Structure formats: structure tokens, C-alpha cells
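Here is the structure we will look at, set down as C-alpha cells.
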Amino acid sequence: MSHPFPISNANLSHAWAEALLRVAGGPLNDPPPLCVTITGFESNEPLEDSEVRAALDIELASKGKNPIDVSALVVFPYKMWKRHGCPPCREFSKYCTDKYTPRLKARNRNNRRGLYFERMMQYEYYDSDGKLHQHNQLAYIIDWWKKQRQGGKRPRRSGLQVTCFDPRKDHNALPRLAFPCLQQVGFSYGEDKDQLTVNAFYPTQFIFDRAYGNYLSR
């Protein structure tokens, strides 16, 4: 039984580079499980090594892969949120699901099965009567967090979960699915009320193609 190999670094670029080297040095058909922790932030931005990032973008372009920013925006379009003036979650979610998602799906057929932020903001499920509903997981957690904070409390950690895996769509016998690699995102907190920990679970991940952007997406 293989145990996850721990990687912890304050710098996102260096954590990604170590993960890449660890996978590249392992068996091709059985890559080692990893637990990657990134701890360094300044003004809510992760610490990066500009030379590592630039070199990776050059390599990605040379192989016809998406740049880092594109891999980041499909998880959460953070830069677009900033450009729009950091609107509230429900307002931004409506823009993403009504306008941005259709454009991305039309531009790239690889997005036809969905996008991560789409499932986070517009997760589909059926009730007991067979009626289809949509649930904004991010907005629910933010609203719950704010309500608890007003009462001097914090929500239970087990409830701060966002799922990207949809059994109706993703339970099939194909040997590999390009989406979703990210299955679940969980949020937690410590004694510092202003510090949030984000945990993302990837059963498999494209370390060279997408992992840097995945880490960058917050």
C-alpha cells in the first residue's frame, strides 16, 4: 500500500515543481499519491517564482497546451471576478453561469461536460418528485458563514464542502475522463478567524498540463 508523499512549501511554484519531479521520477503507469500543501500568501495572493511560471508557460505553449491562467479560470475565474469589481457571490455566479460558461463551452469542446465553477455555482440535482433543481454551493457556504459569524459562531467544518463529481454524469466505464479531475473542495479554519484553509481532492491530476493553474485558482 502506497502512502501519500507530503510536499509543503510556502512558494506555489516550488511546490508544483517538486510535485512534477516526484511524479516524473516514479513509475509511469502508477504515479505516487501526493499531498501538496502551499502556505505562503501576501495580500491574499500566493507566493510565486516568476521564472518558474514563465518557463512553464513557454513549455505549455510549445506543446499546444493551455497556459496557466486558463487552467486556473476553469476552477474559479478569480481574475475576472477582480476585473468586475469583486461583486457578491450570487451576482457573479449568475454572470458566470448565464454568460461566461456558454462561451467557454462553445470555444472548446473539452468543456462540453461542464466546468468546475459551473458545478460549484449551479450544481444540478433531482428532488424526490423528480424535479430538477440547481444549487449554488459557494453562495450557500458564504451566506452560512456570514450568518454564523454575526452570531459569534462558525459553521461546522463537515458542512463546508463543495462537490464537483456528479454520479449521474461521471459514473461510466471510460478508462479516462478529462473532466472532472477535481472531485471535491473542502474549507476549514483554525484559531485565526480570518484565515481559511482550502483542501482540494484530485484522485488523478494532469501535473504538467494543469496542476500549476489548479493550485493558482485559490
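Every read-out reported here was derived from the displayed coordinates using simple, explicitly stated rules and does not represent laboratory data. These numbers come from a predicted model, not from an experiment. So basically every Cβ, Gly included, is an ideal-geometry build from the backbone, and we count neighbours across all protein chains shown.
Picking from Leu132, Leu182, Leu56, which is most flexible by a Gaussian network model of the chain using Cα springs under 10 Å?
Evaluated over the chain, the most mobile residue of the options is Leu132.
Which length gain, in nm to one decimal place, applies between Gln183 and Leu196 when the Cα-Cα distance is subtracted from 0.36 nm times their residue separation?
On the way: separation 13, 0.36 × 13 = 4.68 nm, distance 1.97 nm.
Length difference between fully extended and current span is 2.7 nm.
Looking at the chain only, what percent of DSSP beta bridges run antiparallel? Nearest 5 please. Write down the numbers at each step before the final one.
Working: 15 of 21 bridges.
So the antiparallel bridges in the chain amount to around 70 percent.
Compare Ile58, Ile141, Ile68 in a GNM of the chain, Cα atoms joined below 10 Å, and give the one with the largest fluctuation.
Largest GNM mean-square fluctuation: Ile58.
Express the relative contact order of segment 74-218 as a whole percentage, based on alpha carbon pairs under 8 Å and six or more residues apart in sequence. Before the final figure, lay out the partial values.
On the way: 143 pairs, mean separation 27.5, N = 145.
Over segment 74-218, the number comes to 19 percent.
Add +1 for every Lys or Arg and -1 for every Asp or Glu among the other residues with Cβ under 9 Å from the Cβ of Asp209, and state the total.
Numbers: positive: Lys63, Lys65, Arg210; negative: none.
Residues close to Asp209 contribute a combined charge of +3.
Going by a ≥ b ≥ c, the root eigenvalues of the Cα gyration tensor, does segment 85-133 fall in the rounded group (a/c under 1.5), the prolate group (a/b larger than b/c) or the oblate group?
Working: a/c = 2.77, a/b = 1.22, b/c = 2.26.
It is oblate, given that a/c is not under 1.5 and a/b is not larger than b/c.
Once fully extended, how much extra length lies between Lys99 and Thr37, figured as 0.36 nm per residue of separation less the alpha-carbon to alpha-carbon distance? All intermediate terms of the calculation are to be shown ahead of the outcome.
On the way: separation 62, 0.36 × 62 = 22.32 nm, distance 3.36 nm.
In short, 19.0 nm is gained.
Taking a threshold of 22 Å on the Cα-Cα distance, which of the pairs Lys63/Lys169; Lys65/Lys105; Lys79/Lys99 fall above it? Intermediate results must be reported in sequence, preceding the final value.
Numbers: Lys63/Lys169 30 Å; Lys65/Lys105 17 Å; Lys79/Lys99 16 Å.
The answer is Lys63/Lys169.
So how much slack lies between Cys86 and Asp57, counting 0.36 nm per residue of separation and subtracting their Cα-Cα distance, in nm? Please report the intermediate quantities before stating the final value.
Values: separation 29, 0.36 × 29 = 10.44 nm, distance 2.68 nm.
Roughly 7.8 nm would be gained on extension.
Could you quote the convex hull projected area for the chain, Cα atoms only and averaged over all directions, in nm²? Present the calculation step by step, with values, prior to reporting the outcome.
Working: hull surface 59.2 nm².
Value for the chain: 14.8 nm².
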